[in-house]
Amino acid sequence: MLGPFENEALTNFSIPENRQHMLQALDLVRSQLGQEYPLYIGGKPVMTEKKETSINPSQLDQVIGYVAQADQKLAEEAMQAAWAAFETWKRKSFEERARYLFKAAAIMRRRKHELSAWMTYEAGKTWAEADADTAEAIDFLEFYGREAIRLGEPHPLVRIVGEDNEQYYLPLGVGIIIPPWNFPLAILTGMTVSAVVAGNTVIVKPATPTNVIAAKFMEIMMEAGIPDGVINFLPGNPDVIGDFLVDHPKTRFISFTGSRAVGCRIYERAAKVQPGQIWLKRVVAEMGGKDAIVVDDNADFEDAARQIVGSAFNFSGQKCSAASRAIIHQDVYDEMLNRIVELTQKLKVGPGMDESSNVGPVIDEKAYNKVLSYIEIGKGEGKLLIGGGKAEGNGYYIQPTVFADVDPKARIAQEEIFGPVLAVIKAKDFEDAIRIANDTEYGLTGSVFSRNRDHLEYARREYHVGNLYFNRKSTGALVGVHPFGGFNMSGTDSKAGGRDLLLQFTQAKAVSEKL
């Protein structure tokens, strides 16, 4: 019997047995580096002449793998394969489709440390960050499977005399899944299986920096027995196949997580009805944030500083929920700055594979140059307290950087940097702090540290973000516990890991029979 959903436990690596298992997984992955990975179209592997080389951002001369790259001809083949599979997949019950997810979750659980090890190599994640990523992927499989079963149950309507009325949820069709590289297993898994378990078939175009991890996900879904063509695995250059897939008249929906610029482009292109298109495409988008942690004058300052540093610098700040702004009441501003700097000084920058690393590299050269350019901008917009440049090592390492006395309208206080850079802003009082926090085009996550109940309730009403946390960090949303998604330019607020997400990938059909 299927039990209630429970979040997958995180691994305690201070336990010798767990540490040994992770070291063994790292050795296993190291022995498999440099392999080639095909596309999968209609269940068949397709190896192409053109391949993308994936490298380790922690060790730039180390190749993770070579991944086949699709062109538009292969993208068209994937579209046809997905529609062919849809004809049978849509007729399966929600419960039957859910069983594939539960099987995949069991496989992931058995290979948990191996999958985490792949992420330390290809994404530069530290042990703890990689382990949390794998646990979240398992959570998505278990949670969405249960949600599908619930959605498939009868949904009675208001009864009237002489009629039998019911509502059903039908799948949409073929969708394009465009996941990010920063949660290369968790978000990829959640985006894909939420659409699939609702009865749709998909084309997955993984993020280029983490193609190999995506290939491992595809292997797991195939091992779980997913029918041919339900998930089509299509790595490729976005400039070659991205617009082609978004514009395609047979594309029914696009599920995207990534930057604001790309998300807006997809949203705009998807709105145009193409010749032969008989529906309005649906877009589910999560597009980043400029998240802030507000510290009141009566907060637990030690805990607030610890959570700010963790939220800002874990995974090198490469999270859409990362705290890139700390907005601090003027009466405790100097004390908080001292605490933040003291904790930041203790962080060790190093390879994700190294168990002692606290902060790994940024993902690639493009990100590296972008973050370093923002740090140079920050030197003219605030007072540099710590960091401010490259960190040592044969990788894309950047020092955790803190700027103080930043104007709320400064670029480093308004634009998403996606790196280990924290802008600290002084507020004259609590209401001013909330006003500053809201003064951005984004609205994803936010945190408030305060012991004042009136202030917490004020923030509950006035702090305009999709995920608001009191007296805890701004990162680390748990599936089922913290449905995740934001307002404004943070996206469509579709609430990943929430009870209503599957509705995004279905259409409701009401059936009435006169008795």
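When you check Glu36 against the structure, is it of a type in the set (Asp, Glu), touching a strand residue (DSSP E or B) at 6+ places or on another chain (Cβ under 6 Å), in contact (Cβ under 8 Å) with a residue 12 or more places away in the chain and surrounded by fewer than 17 Cβ atoms within 10 Å (Cβ to Cβ), yes or no? Let's see the steps before the verdict.
Values: of a type in the set (Asp, Glu): yes; touching a strand residue (DSSP E or B) at 6+ places or on another chain (Cβ under 6 Å): yes; in contact (Cβ under 8 Å) with a residue 12 or more places away in the chain: yes; surrounded by fewer than 17 Cβ atoms within 10 Å (Cβ to Cβ): yes.
Answer is yes for this residue.
Tally up the residues in the stretch 294-335 that are aliphatic (A, V, I, L, M), buried (at least 22 other Cβ atoms within 10 Å of the Cβ) and part of a helix (DSSP H, G or I), please.
5
In summary, Trp279 fulfils each of the numbered conditions (1) crowded, with 18+ Cβ neighbours inside 10 Å; (2) on the phi < 0 side of the Ramachandran plot; (3) not aliphatic (A, V, I, L, M) with the single exception of condition (1). Of all positions in the stretch 262-270, at least one carries a residue that is assigned to a helix (DSSP H, G or I), among the aromatic types (Phe, Trp, Tyr) and either under 22 Å from the mean Cα position of the chain (by Cα) or within 13 Å of Ile178 (Cα to Cα) (or both). Scan the stretch 411-455 for residues that are surrounded by 24 or more Cβ atoms within 10 Å (Cβ to Cβ), farther than 18 Å from Gln330 by Cβ and over 22 Å from the mean Cα position of the chain (by Cα) and the total you get is 1.
What tally of residues in the stretch 473-511 results from selecting those that are of a type in the set (S, T, N, Q) and either in contact with a helix residue (DSSP H, G or I) (Cβ under 6 Å, 6 or more places away or on another chain) or at pLDDT below 95 (or both)?
To start, the set of residues in the stretch 473-511 that are of a type in the set (S, T, N, Q) comprises 474-475, 488, 490, 492, 494, 504, 506-507.
Add one more test, that the residue is either in contact with a helix residue (DSSP H, G or I) (Cβ under 6 Å, 6 or more places away or on another chain) or at pLDDT below 95 (or both), and what stays is 474-475, 494.
The total comes to 3.
Of the residues making up the stretch 413-449, those that are outside any strand (DSSP E or B), of a type in the set (Gly, Ala, Ser) and within 29 Å of Gly389 (Cβ to Cβ) are Ala413, Gly419, Ala437.
If the condition is being under 14 Å from Lys92 (Cβ atoms) and part of a loop (DSSP other than H, G, I, E, B), then the stretch 182-207 contributes Ala198, Gly199, Asn200.
Reported count of residues in the stretch 153-179, each being part of a loop (DSSP other than H, G, I, E, B), surrounded by fewer than 24 Cβ atoms within 10 Å (Cβ to Cβ), touching a helix residue (DSSP H, G or I) at 6+ places or on another chain (Cβ under 9 Å) and at pLDDT 95 or above, is 2.
Against the condition among the small types (Gly, Ala, Ser), within 16 Å of Leu39 (Cβ to Cβ) and crowded, with 24+ Cβ neighbours inside 10 Å, how does Ala214 come out, does it pass?
Values: among the small types (Gly, Ala, Ser): yes; within 16 Å of Leu39 (Cβ to Cβ): yes; crowded, with 24+ Cβ neighbours inside 10 Å: yes.
In short, yes.
Assess whether Gly229 counts as being in contact with a helix residue (DSSP H, G or I) (Cβ under 6 Å, 6 or more places away or on another chain), more than 28 Å from Val362 (Cβ to Cβ) and assigned to a loop (DSSP other than H, G, I, E, B). For Gly229, the condition - in contact with a helix residue (DSSP H, G or I) (Cβ under 6 Å, 6 or more places away or on another chain), more than 28 Å from Val362 (Cβ to Cβ) and assigned to a loop (DSSP other than H, G, I, E, B) - is met. Just wondering, is there one or more residues in the stretch 459-468 that are crowded, with 22+ Cβ neighbours inside 10 Å and under 19 Å from Val309 (Cβ atoms)? No, that holds for no residue.
What do you reckon, is Ile231 crowded, with 24+ Cβ neighbours inside 10 Å and within 18 Å of Gln80 (Cβ to Cβ)? Yes. Of the strands (runs of 3 or more DSSP E) contained entirely in the stretch 1-78, those carrying at least 1 residues that are under 28 Å from Tyr368 (Cβ atoms) and either out of contact with any helix residue (DSSP H, G or I) (no Cβ under 9 Å at 6 or more places or on another chain) or at pLDDT 95 or above (or both) fall at 35-37, 51-56, 59-68. So which of Val240, Val273, Val284, Val295 is among the aliphatic types (A, V, I, L, M) and closer than 17 Å to Val193 by Cβ? Testing whether each residue is among the aliphatic types (A, V, I, L, M) and closer than 17 Å to Val193 by Cβ leaves just Val284. Among residues of the stretch 159-182 that are without any contact (Cβ under 8 Å) to a residue 40 or more places away in the chain, those with a beta-carbon under 9 Å from a residue that is not in a strand (DSSP E or B) at least six positions away or on a different chain give the pairs Val161/Leu515. Every test in (1) within 26 Å of the chain's Cα centre (by Cα); (2) among the aromatic types (Phe, Trp, Tyr); (3) in a helix (DSSP H, G or I) is passed by Tyr458 save one, and that test is (1).
Scanning the stretch 109-131 for residues that are hydrophobic (A, V, I, L, M, F, W, C), crowded, with 24+ Cβ neighbours inside 10 Å and part of a helix (DSSP H, G or I) turns up Leu115, Ala117, Trp118, Met119, Trp127, Ala130. Scanning the stretch 461-515 for residues that are over 24 Å from Pro154 (Cβ atoms) and in a helix (DSSP H, G or I) gives Arg461, Glu462.
The values are calculated or read from the model by the stated rules, or taken from the named source; none is laboratory data. On a predicted model such as this, the values are computed, not experimentally measured, just so you know. Positions of Cβ are backbone-derived with ideal geometry, glycine not excepted, and every protein chain shown enters the neighbour counts.
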